[in-house]
1. In the stretch 175-196, which residue that is more than 14 Å from ASP26 (Cα to Cα) and among the basic types (Lys, Arg) is surrounded by the fewest Cβ atoms within 10 Å (Cβ to Cβ)?
2. So which strands (runs of 3 or more DSSP E) are wholly in the stretch 149-210 and hold at least 3 residues that are closer than 13 Å to PRO112 by Cβ and under 18 Å from the mean Cα position of the chain (by Cα)?
3. Scan the stretch 148-165 and tell me whether some residue there is over 30 Å from ALA208 (Cα atoms), without any contact (Cβ under 8 Å) to a residue 40 or more places away in the chain and more than 10 Å from the ligand (Cβ to nearest atom).
4. Tally the residues that are touching a strand residue (DSSP E or B) at 6+ places or on another chain (Cβ under 9 Å), within 14 Å of the ligand (Cβ to nearest atom) and assigned to a helix (DSSP H, G or I), restricting the search to the stretch 11-33.
5. Taking the criterion of being within 18 Å of SER11 (Cα to Cα), more than 14 Å from the ligand (Cβ to nearest atom) and assigned to a loop (DSSP other than H, G, I, E, B), would at least one residue in the stretch 94-104 satisfy it?
6. Please tell me if ASN109 is assigned to a helix (DSSP H, G or I), buried (at least 16 other Cβ atoms within 10 Å of the Cβ), modelled with pLDDT of 95 or more and within 12 Å of the ligand (Cβ to nearest atom).
7. Would you check if GLY90 is in a loop (DSSP other than H, G, I, E, B) and surrounded by fewer than 20 Cβ atoms within 10 Å (Cβ to Cβ)?
8. Would you check which residues across the stretch 112-130 are surrounded by 14 or more Cβ atoms within 10 Å (Cβ to Cβ) and of a type outside the set (Gly, Ala, Ser) and list them?
Amino acid sequence: MATLKLGVFASGRGSNFTAILKAIEDGRLNAEARVLISNKSGAGALETAESRGIQTAVINRPDFESRDSFVSALLSCLEENGVNFVVLAGYMKKIPPEIVEAYENRILNIHPALLPGFGGQGMYGHFVHEAVLKAGCKVSGVTVHLVDNHYDQGPIVAQRAVPIETCYTPDEIGAKVLKEEHKVFAEALQLFADNRVEVRDGIAVIKADS
Ligand code: GRF
């Protein structure tokens, strides 16, 4: 079993980040949070990291003169903190291809619906749950997937269905799905710590627990 050295990207409140930290504390996830990177100085996830003595960095494209210097700053931050696995926990920006390449099949994202439905550019947060409700779905769910250069399209590592037949609003769906997100993300990460994920022909295959 390998210890994952996590670089976590988050733009918002960071409840998934908190759930990951809890899983580490409880011994359910063999990982260390090395750095929390945000594009937003007011992100709740930054506060969570600071309160626990985890390294933080605000790295935002508009603060850099060029795209190259921005990408270099991201890469150096990950390298300097010894990150060997990247987690997108509510990160609202696209990860540059240079980072996707440097951490090939080592970047996980969480999406609050069952992909490949209800994903793609612009499909985030409230918009996802609104679309699910509008489609009349009785089941939604959580998808944890590896990140490639296309929105919400990398190999799926874990999925959980969430029954939503009693939900009348996007917020109700969101709340039910989020509860499940908080369990599944750490479980999916532990599969990597246990070296149980193998990507073959663009599909993530989960090896049996030995
Ligand atoms: C989650 O719903 C996640 O699926 C999506 O962004 C949201 C982040 O929520 N990618 P939080 O900041 O972790 O609370």
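The values are calculated or read from the model by the stated rules, or taken from the named source; none is laboratory data. Since this is a predicted model, take the numbers as computed values, not measurements. Here Cβ is always computed from backbone atoms with ideal geometry, including for glycine, and neighbour counts include all displayed protein chains.
1. Here is the first cut: in the stretch 175-196, the ones more than 14 Å from ASP26 (Cα to Cα) are 175-181, 184-185, 188-189, 191-196.
Going one step further and asking which of them are among the basic types (Lys, Arg), we end up with 176, 179, 196.
On the way: LYS176: 19, LYS179: 13, ARG196: 16.
Among those residues, the one meeting the criterion is LYS179.
2. Working: elements: 156-163, 197-200, 203-206.
Per the criteria, 156-163.
3. Keep residues of the stretch 148-165 that are over 30 Å from ALA208 (Cα atoms), which gives 164-165.
Keeping just the survivors that are without any contact (Cβ under 8 Å) to a residue 40 or more places away in the chain gives 164-165.
Going one step further and asking which of them are more than 10 Å from the ligand (Cβ to nearest atom), we end up with 164-165.
The answer is yes; a qualifying residue exists.
4. Residues in the stretch 11-33 being touching a strand residue (DSSP E or B) at 6+ places or on another chain (Cβ under 9 Å), within 14 Å of the ligand (Cβ to nearest atom) and assigned to a helix (DSSP H, G or I): 5 in total.
5. Going residue by residue through the stretch 94-104, those that are within 18 Å of SER11 (Cα to Cα) are 94-96, 99.
Now narrow it down to the ones that are more than 14 Å from the ligand (Cβ to nearest atom): 96, 99.
Pick out the ones that are also assigned to a loop (DSSP other than H, G, I, E, B) and you get 96.
There is at least one residue in the stretch 94-104 that is within 18 Å of SER11 (Cα to Cα), more than 14 Å from the ligand (Cβ to nearest atom) and assigned to a loop (DSSP other than H, G, I, E, B).
6. Numbers: assigned to a helix (DSSP H, G or I): no; buried (at least 16 other Cβ atoms within 10 Å of the Cβ): yes; modelled with pLDDT of 95 or more: yes; within 12 Å of the ligand (Cβ to nearest atom): yes.
Considered against the rule, which asks whether it is assigned to a helix (DSSP H, G or I), buried (at least 16 other Cβ atoms within 10 Å of the Cβ), modelled with pLDDT of 95 or more and within 12 Å of the ligand (Cβ to nearest atom), ASN109 comes out as no.
7. Details: in a loop (DSSP other than H, G, I, E, B): yes; surrounded by fewer than 20 Cβ atoms within 10 Å (Cβ to Cβ): no.
No.
8. Of everything in the stretch 112-130, those that are surrounded by 14 or more Cβ atoms within 10 Å (Cβ to Cβ) and of a type outside the set (Gly, Ala, Ser) turn out to be PRO112, LEU114, LEU115, PHE118, MET123, TYR124, VAL128, HIS129, GLU130.
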